[in-house]
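Colleague: Structure in structure tokens, see below.
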Amino acid sequence: MALRMLIAAGCVLSSPALAQETDPDPDAGGGGVEGRWAGSVVLPTGELPFAVTFERDDGVLSATMDIPAQSALGLPLTAVSHVAGRVHFELDAPVGIAVWDGALSGDTIEGEFTQGVVTSAFSVSRADLPEAEAEEPAPYRAEEVSFENGDVHLAGTLTLPEGTGPFPGVVLITGSGAQDRDEVVAGFAVFRLLSDHLTRQGVAVLRYDDRGVGGSTGNVSSSTTSDFAGDALAGLARLSEHPDVDPARVGFVGHSEGAVVASLAASRSEAVRFAVLLAGSTLPGTEILYAQSAAIQRVSGVPEDRIEWNTDFQRRLFAALEAGEGLEAYREELGAAIREGIEALSEAQRAPISDLDSYVETQVAQQIDGLESPWYRYFLTYDPAEGLRGTRVPVLALFGGLDLQVVVDQNRGPLEEALAGNQDVTVEVLPRANHLFQAATTGSPAEYALLEKRFVDGFLATISDWILARFGS
């Protein structure tokens, strides 16, 4: 589930066309820059975690960025360079070009971030994937595949176990926002690790790029959860037609919004034989956001009266959206709320903002645009219990005890109630896990980039053991 706070810290950035620049001095100033770097930029309302991945092809340096708190993954960067120890990259956005310019020293890049009226500091450190994840060659086959859902073309990777099939198979379904097939969040390749484990255990795995990402066409924000269910079923059909996959033993593994998609798709097709739901919400989006926003604000030290005000304001905005109204009437109040929050900050926190009026205006515009998108309107009103009640196949549902985006105490009960008529349901809570099923301290999304890039103990085995117990050979 995307982190979609109404009073956001930072700017929502878009995905411009990829531009690349030659890096004439790749090894100056502390070594090459290739690889993944994770850290944060200091914004007026706090730190915003992000990650940058640099790649080189025939001497040309390129880079992409992930901003998990804004559900922005794989954003192509422009003006990418590493010259004489200086690292530079930019991201074009509706609110103005965001520029990072810093110095590389050992395993750290530190420098200045500028976007519009905001100028501040940023720092990133190497966050390359664990060696075990990058082992070559992998002990299984990998095939590039594609499939269609209407006029949308979707591209992905199918991994097939060693040995003689046919094998059971799964389609992995990502969470909200534009995600690539590896579902990389804050430097953590969630689906690449999950796919690797399941394939090694004898399960064929299809993972694919979301609409508008990588090799896929379409657009996420102008689509809905229902559209994504169609994508998932098209992927399942593509998986099932492979000669090494048994169509009688195929199902979904969905994470976050992907879990909602999985149950909705399962309720629509008898081709789905099982569903694994990871950190899936079970209530309409309005209720999820009230709890999510409050939990994250609370762990961040926001006063209770401010949390209550924000929840009340959310309720009024969502009511307007559900009634089919626009949000222009709330522009002034939203601006006042953002301004009030900024003015309550310390002088040091306000220092990056050179023009408060322009900053507030930009924040208001990005909030309204996001809230009025087709995806958001559908998300607010769709009740996942609808898909769960229609899911009659075996279900494994896992929650993180420290998940602040899909709070277990809010979602477990409704899930079990909706699945009460299903004869094969397993629900487990991993106490130390966050929304990505990492071992966490507080569960805050601000921690994601700082935690070890591995799953909490028992997570992977729980999934593969459950699948193989029912659908293994």
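Colleague: Mind telling me which of the residues Ala461, Ala397, Ala446, Ala469 ends up being open to solvent by less than 30 Å² (accessible area, probe 1.4 Å), at negative phi and either of a type in the set (A, V, I, L, M, F, W, C) or in a helix (DSSP H, G or I) (or both)? Full working, then the answer.
Modeller: On the way: Ala461 fails: open to solvent by less than 30 Å² (accessible area, probe 1.4 Å); Ala446 fails: open to solvent by less than 30 Å² (accessible area, probe 1.4 Å); Ala469 fails: open to solvent by less than 30 Å² (accessible area, probe 1.4 Å).
Residue meeting the stated conditions: Ala397.
Colleague: Residue under question is Arg315, and the condition is that it be open to solvent by 50 Å² or more (accessible area, probe 1.4 Å) and in contact (Cβ under 8 Å) with a residue 40 or more places away in the chain; does it hold?
Modeller: Values: open to solvent by 50 Å² or more (accessible area, probe 1.4 Å): yes; in contact (Cβ under 8 Å) with a residue 40 or more places away in the chain: no.
So Arg315 does not fit the description; no.
Colleague: Additional query: Every residue in region 216-252 that is of a type outside the set (S, T, N, Q) and under 15 Å from Ser373 (Cβ atoms), please.
Modeller: First, the residues of region 216-252 that are of a type outside the set (S, T, N, Q): 218, 220, 227-239, 241-252.
Hits for region 216-252 are Gly218, Val220, Asp227, Phe228.
Colleague: Determine whether Ala440 is touching a Phe, Trp or Tyr at 6+ places or on another chain (Cβ under 8 Å), open to solvent by less than 50 Å² (accessible area, probe 1.4 Å) and either under 27 Å from Thr53 (Cα atoms) or among the basic types (Lys, Arg) (or both).
Modeller: Numbers: touching a Phe, Trp or Tyr at 6+ places or on another chain (Cβ under 8 Å): no; open to solvent by less than 50 Å² (accessible area, probe 1.4 Å): yes; either under 27 Å from Thr53 (Cα atoms) or among the basic types (Lys, Arg) (or both): yes.
Considered against the rule, which asks whether it is touching a Phe, Trp or Tyr at 6+ places or on another chain (Cβ under 8 Å), open to solvent by less than 50 Å² (accessible area, probe 1.4 Å) and either under 27 Å from Thr53 (Cα atoms) or among the basic types (Lys, Arg) (or both), Ala440 comes out as no.
Colleague: Of the residues that sit in region 168-191 and are out of contact with any His (no Cβ under 9 Å at 6 or more places or on another chain) and closer than 22 Å to Asp246 by Cα, which one is surrounded by the fewest Cβ atoms within 10 Å (Cβ to Cβ)?
Modeller: Pro168
Colleague: Hey, another quick one. Does region 359-373 include one or more residues that are farther than 30 Å from Thr119 by Cβ and open to solvent by less than 10 Å² (accessible area, probe 1.4 Å)?
Modeller: Checked against the condition, which is being farther than 30 Å from Thr119 by Cβ and open to solvent by less than 10 Å² (accessible area, probe 1.4 Å), region 359-373 yields no hits at all.
Colleague: Applying the selection to region 112-141, what residues are assigned to a strand (DSSP E or B) and at pLDDT 85 or above?
Modeller: Step one: of region 112-141, the residues assigned to a strand (DSSP E or B) are 112-115, 118-126, 141.
Of everything in region 112-141, those that are assigned to a strand (DSSP E or B) and at pLDDT 85 or above turn out to be Glu112, Phe113, Phe122, Ser123, Val124, Ser125, Arg126, Arg141.
Colleague: Quick one: which residue in Ser226, Ser267, Ser263, Ser216 is in a loop (DSSP other than H, G, I, E, B), hydroxyl-bearing (Ser, Thr, Tyr) and at negative phi?
Modeller: Details: Ser226 fails: in a loop (DSSP other than H, G, I, E, B); Ser267 fails: in a loop (DSSP other than H, G, I, E, B); Ser263 fails: in a loop (DSSP other than H, G, I, E, B).
The unique qualifying residue is Ser216.
The values are calculated or read from the model by the stated rules, or taken from the named source; none is laboratory data. Bear in mind that the values here come from a model prediction, so they are computed numbers and not experimental data. Ideal geometry is used to build each Cβ from the backbone, glycine not excepted, and the neighbour counts take in all protein chains shown. The area values use the complete protein model at the heavy-atom level, side chains included, leaving out ligands, DNA and RNA. Shrake-Rupley method; radii C 1.70, N 1.55, O 1.52, S 1.80 Å.
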